[in-house]
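Colleague: For reference, the structure I am asking about is given below.
The values are calculated or read from the model by the stated rules, or taken from the named source; none is laboratory data. Everything numeric in this text was worked out from a predicted model, so none of it was measured. Cβ placement follows ideal geometry from the backbone for every residue including glycine, while neighbour counts extend to all protein chains displayed.
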Amino acid sequence: MDAFYLSCELTRRPELRGKPAIVAHDAKEGRGRGVILSASYEARARGFQSAMPVRLAWQKREEVEWIPPDFGFYQKVSDEVMGYLRDLSPTTRVFSIDEAALKATGLNQDAVKTQALELQKEIYQRFSIPCSIGIAPSLTLAKMASDAAKPGGIRVVGVEELPRFLTGLPVRKVPGIGPVSERALQSLGVRTIGDAATVTESRLRTVLGDLAATLHGLSEGRVPEEDWPEDLPTRSLGQMFTFEEDVADLHQALDEIDRLAGEVHQNLRVMGLRFRTVTVQVRWEDLEGAQRSRSFRLPTDAAEGLQRAARALLTDLWESEERQGRRVRTIGVSAHELRPVDPRQSRLEV
């Protein structure tokens with residue numbers, strides 16, 4: 001779904017369609033430490049981008065309509081759209097609040113594109129939400145094709161077109177490659193996907209780890225070998241916090257993780273839910289993001305299990321090479337794979 005948070009807002013403020021608008025937290029008159037969460041394409045044309053610090057956006061605030069976020073509303077719209085997709089196809093897999101994939105078999109490219117056009121129109125007619133669709137022989141390639149189709153387009157990438165589609169794309173277009181990995185690849189002379197064919201996979205692995213095989217395969221025009229993911233519950237509950245000043249002390253960050261984990265557990269308790277997976281997200285001082293997850297053997301509603309897992313995950317991120325000594329700007333805790341509480345379930349299963 002395109003510019004999803006902003007698109008949700010336009011369903012209840014249609015007078016803003018075609019105008020520059022952004023969704024962002026209160027900027028505290030230019031002193032806030034949040035970022036733009038979503039921007040209309042008209043706002044992007046004026047230099048406003050998602051993840052842009054609000055202190056910079058505040059300097060040009062007269063040029064856009066500034067909308068505070070309403071995450072409960074966005075989740076409601078997402079649940080409706082994703083529910084429609086699940087009713088449409090049992091192969092639907094939801095990956096985030098605004099991204100999903102469906103598997104089509106036994107159809108040629110023209111037939112699949114016709115289905116995609118119908119789907120795109122139906123989603124807009126039902127929910128007033130625009131979307132872009134990528135059609136390709138793997139999830140990774142379909143996501144890349146969808147990105148290339150934005151805004152509001154449909155891109156078909158068949159096997160025979162892979163080299164032409166991939167060769168000149170920047171390596172950042174590969175899912176999983178962020179700014180730090182991009183800079184490391186550039187030091188190897190790899191700026192585009194095609195450049196990766198000039199470097200051995202083992203050398204790429206020193207920079208990318210397991211993702212090296214995917215990048216090297218793409219550089220040679222090969223379809224990534226991927227299993228269709230299991231259909232897991234996608235609903236989650238989480239809390240995020242942005243520090244007033246970037247934090248270099250692990251104990252200070254752990255104190256905040258404890259607070260966030262407590263809030264998440266309180267929300268779970270109120271809603272009568274258990275969880276099986278805990279995720280900790282961080283955004284470093286340079287705005288690069290990272291996350292870690294841990295899954296328990298069985299769903300649980302134990303507060304101590306949630307807190308202990310969150311602390312361990314943050315500590316792991318803090319001590320990882322991925323951090324590279326950077327301070328942390330934003331941290332978050334979320335619980336996934338939620339189930340209604342079963343009073344017969346033991347709290348000791350964590």
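Colleague: Which condition from (1) of a type outside the set (A, V, I, L, M, F, W, C); (2) out of contact with any helix residue (DSSP H, G or I) (no Cβ under 8 Å at 6 or more places or on another chain); (3) buried (at least 16 other Cβ atoms within 10 Å of the Cβ) is the one that Q109 breaks?
Modeller: Checking Q109 against (1) of a type outside the set (A, V, I, L, M, F, W, C); (2) out of contact with any helix residue (DSSP H, G or I) (no Cβ under 8 Å at 6 or more places or on another chain); (3) buried (at least 16 other Cβ atoms within 10 Å of the Cβ), the one that fails is (3).
Colleague: Related question: Cβ-Cβ below 6 Å, separation at least six or inter-chain, first residue in region 289-304 and farther than 22 Å from P179 by Cβ, second of a type in the set (K, R) and not in a strand (DSSP E or B): which pairs?
Modeller: Short answer, once both residue conditions are applied: A302/R347.
Colleague: Name the single residue that is surrounded by the most Cβ atoms within 10 Å (Cβ to Cβ) among those in region 194-217 being closer than 30 Å to V280 by Cα and among the aliphatic types (A, V, I, L, M).
Modeller: L215
Colleague: Okay, moving on. Just checking, which of S78, S40 is among the hydroxyl-bearing types (S, T, Y) and out of contact with any strand residue (DSSP E or B) (no Cβ under 8 Å at 6 or more places or on another chain)?
Modeller: Step by step, each of S78, S40 is checked, and only S78 is among the hydroxyl-bearing types (S, T, Y) and out of contact with any strand residue (DSSP E or B) (no Cβ under 8 Å at 6 or more places or on another chain).
Colleague: Scanning for something of a type in the set (F, W, Y) and without any contact (Cβ under 8 Å) to a residue 40 or more places away in the chain, does region 59-67 turn up at least one residue?
Modeller: no
Colleague: I'd like to know if region 270-280 contains one or more residues that are of a type in the set (S, T, Y) and under 23 Å from G32 (Cα atoms).
Modeller: The answer is no; no qualifying residue exists.
Colleague: Can I ask one more? Looking at A51, is it surrounded by fewer than 14 Cβ atoms within 10 Å (Cβ to Cβ), modelled with pLDDT under 90, under 23 Å from I129 (Cβ atoms) and not assigned by TED's automatic domain parsing to the domain that holds R283?
Modeller: Yes.
Colleague: Of the residues G262, G217, G272, G238, only one is of a type in the set (G, A, S) and closer than 23 Å to D147 by Cα; which?
Modeller: Going through G262, G217, G272, G238 in turn, just one is of a type in the set (G, A, S) and closer than 23 Å to D147 by Cα: G217.
Colleague: Taking region 270-285, which residues are surrounded by 13 or more Cβ atoms within 10 Å (Cβ to Cβ) and more than 14 Å from G238 (Cβ to Cβ)?
Modeller: Once the filter is applied, which keeps residues that are surrounded by 13 or more Cβ atoms within 10 Å (Cβ to Cβ) and more than 14 Å from G238 (Cβ to Cβ), region 270-285 yields R274, R276, W284, E285.
Colleague: In region 1-102, which strands (runs of 3 or more DSSP E) lie fully inside it and hold 3 or more residues that are within 20 Å of I154 (Cα to Cα)?
Modeller: Those strands (runs of 3 or more DSSP E) span 93-96, 99-101.
Colleague: Further question on the same structure: Which one of these does A104 not meet: (1) out of contact with any Phe, Trp or Tyr (no Cβ under 6 Å at 6 or more places or on another chain); (2) at pLDDT 90 or above; (3) not hydroxyl-bearing (S, T, Y)?
Modeller: The single condition A104 does not satisfy is (2).
Colleague: Only residues that are of a type in the set (A, V, I, L, M), outside any strand (DSSP E or B) and in contact with a helix residue (DSSP H, G or I) (Cβ under 6 Å, 6 or more places away or on another chain): list them for region 293-316, please.
Modeller: A302, A303, L306, A310, L314, listed by residue number.
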